[in-house]
1. Among the listed pairs LYS73/LYS228; LYS145/LYS251; LYS176/LYS228, which are separated by more than 27 Å between their Cα atoms?
2. What FRET efficiency do you get for ASP26 and ASN92 if R0 is 30 Å and r is their Cβ-Cβ distance, rounded to the nearest 0.05?
3. Classify the chain from the C-alpha gyration tensor, please: rounded if a/c falls under 1.5, else prolate or oblate depending on whether a/b exceeds b/c.
4. Considering the zone a paramagnetic label at ALA250 would reach in this model (a point 7 Å from Cα along the Cα-to-Cβ line), which residues of segment 167-197 have amide N under 19 Å from it?
5. Ignoring ligands, DNA and RNA, please state the percent of accessible area on the chain from carbon and sulfur, probe 1.4 Å.
6. Mind grabbing the accessible area of VAL237 for me, 1.4 Å probe, Å², rounded to tens?
7. Taking only DSSP H segments of four or more residues, each worth -39500 (n - 2.57), what value at 222 nm results for the chain once the sum is divided by all its residues, to the nearest 500 deg cm²/dmol?
8. Taking a probe of 1.4 Å, how large is the accessible area per residue of segment 371-422, in Å²?
Amino acid sequence: MIPKIRYGTRSTYGLVRYLFGAGKRDEHTDQHLVASWNDYAPDPGRNPQHTIAQLAGQLDQPVKALGDRAPEKTFWHCSVRADPGDRHLDDNDWADIARRIVRAVGIAPEGDTAACRWVAVRHAQDHIHIAATLVRQDGRRADLKFDKRKAQAEARQIEKDYGLRQLNPGDGTAAKAPTSQERFKAERTGRAETPRETLREAVRQALAGAADESEFFTRLKDKGLRVKPTLGSSGDVLGYAVALPGDRNAKGEPIWFAGSTLAADLSLPRIRLRLTGAAPDQDAPPRTGAARTNRSAPARGRRAASGAAERAALLLDSDDDGEAAAQLVGIGELLDAVAQTSPAASRAELAAAARSFERATRSHIRAEQADTRAMRSAARGIIQAGGALGRGEDGGATAMLLSTLALAAIAAARWHSARGHAQQAAASRQTAQHLRAAYQQAAASPMQALHAHGRALPEGQRRGYEITIRAALPHDLPRTDSEAQHDALAATLAQAEQAGHDPEALLQQAVDMRELDSAENVNDVLVWRLRRLADLPAHPGPISPLPKAGTGRTAPPARRPGVHRAPPSEPRPDTPDPRNRPPRR
């Protein structure tokens with residue numbers, strides 16, 4: 001149940017006429033009162049002898065009695081709408097809901113006979129409108145401090161009492177929603193969303209990985225937006241506004257939206273804090289592991305972003321809330337960067353993921369000026385590399401990144417839930433769902449190839465890796481009796497050993513990293529972690545014979561510096577026996 005509150009000036013006549021009228025698209029039916037301040041207010045809908053002017057006149061009487069002393073804002077308007085999936089509520093239900101709302105916000109406190117005048121009008125099955133004047137009948141002004149917060153709290157209680165769908169309580173940090181007029185105009189002009197929503201997403205994408213303010217404004221213009229700076233008396237830029245080409249008002253003028261009206265964190269002062277606090281590396285795109293000249297720029301950028309996202313997920317478990325809030329902003333930038341450079345097949349899901357996570361980046365916990373340069377550099381690298389192909393190494397690197405971002409979104413959901421941020425936690429979980437859907441598309445080809453590699457391993461070699469895998473996996477994770485589930489993981493361990501890594505130590509390192517218990521597919525997560533840690537290609541390519549040692553395990557051609565393997569007869573000093581390892585917490 002969603003209450004939306006607005007204020008108005010002068011007479012309530014225009015509002016009452018709208019409530020009892022046919023609606024802008026003839027959507028109003030059976031317009032009538034369900035409740036009022038005295039239960040005797042004239043009802044123009046059900047009693048033709050009463051007029052709209054009569055009802056508006058009675059509502060406005062306390063305001064007019066004050067004359068010049070009347071407040072600037074004279075009436076209060078609250079629409080209360082049920083969820084589409086809720087059961088049908090009758091007039092008595094809506095009357096009770098109206099009384100509870102006006103009592104909760106202070107329009108008509110319980111037992112107060114001199115309270116404000118109000119009416120509740122119903123002209124559709126799923127909602128009512130409450131209209132009230134803001135001068136009490138004793139001439140005093142109504143005290144409506146925190147009315148929006150109080151109305152939301154009462155709506156949550158009404159949902160419980162009536163058995164309706166329970167929405168997450170808000171905390172006042174959400175971006176401003178489009179008005180009904182904006183939505184009607186979008187429908188009328190054939191837009192899928194309102195200009196406000198389109199501009200908010202475009203500004204956020206322009207900010208992702210931008211090096212400075214100049215680049216940010218250049219990106220806005222490159223997206224085809226109108227940009228207008230707000231200048232102070234000294235000529236300094238104090239703010240900015242954006243408009244969509246072709247979006248004009250009745251006078252033919254562009255409809256401008258200031259950055260702060262799109263979202264609080266998109267105001268120019270807040271943007272400047274982000275740009276100066278963690279400037280990205282402008283010299284070169286970030287890279288991880290050994291440089292591979294056969295990797296495309298999009299693939300390199302996505303691999304680097306995977307490492308940055310993994311580190312951000314770890315920092316969400318720290319005790320520093322300001323640091324964690326900054327990491328959430330960084331994850332949001334990565335999502336914005338990936339969404340605008342993703343292959344066409346996954347673009348819709350990734351755009352939806354970025355829009356969902358936008359809500360998760362804002363709470364009352366202020367992001368500190370933490371070191372998020374790696375995140376911003378990764379986002380910049382993705383933007384500069386341009387669009388990635390959905391196949392080959394690009395597709396595999398995309399799958400690697402999406403797997404990591406899904407776990408980061410789950411970590412964000414847990415962080416928000418622990419702090420009572422219900423809407424942000426729900427948005428994070430929704431983000432993870434979109435990312436998992438996009439991951440399934442991106443991972444299909446590389447995972448199919450990896451499974452083929454695993455099935456092609458010699459039987460003894462594959463069984464040896466199966467023993468290693470089963471010993472390393474925590475006992476509290478879901479188990480499977482099918483070794484085929486581990487084909488891709490076994491193939492990755494074989495390739496890592498070929499590259500000079502100790503497969504057992506590398507697997508243990510991947511298992512000990514956080515968020516494994518929240519993974520939807522543990523094997524896939526471990527595959528991508530191992531391939532990133534060992535700097536293996538994200539897409540394995542066609543099957544080629546692997547050299548075999550006499551033990552049935554892959555014989556590495558060369559050892560990397562710093563990689564030590566103890567003789568088989570000795571336990572490795574840096575890795576405990578998996579059989580004696582304590583349960584993972």
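The values are calculated or read from the model by the stated rules, or taken from the named source; none is laboratory data. Source: prediction; values computed, not measured. Backbone-built Cβ (ideal geometry, glycine too); neighbour counts: all protein chains shown. Quick note on the areas: whole protein, heavy atoms, side chains included, nothing else; ligands and nucleic acids left out. Shrake-Rupley method; radii C 1.70, N 1.55, O 1.52, S 1.80 Å.
1. Cα-Cα > 27 Å for LYS73/LYS228; LYS145/LYS251; rest within.
2. E between ASP26 and ASN92, to the nearest 0.05, is 0.65.
3. Since a/c reaches 1.5 and a/b is larger than b/c, the shape of the chain is classed as prolate.
4. Flagged as within label range: 179-189.
5. That share works out to 50 percent.
6. In the full protein context, VAL237 sits at about 50 Å².
7. Details: 19 runs with 278 residues, N = 585.
Value at 222 nm, helices only: -15500 deg cm²/dmol.
8. The answer is 30 Å² per residue.
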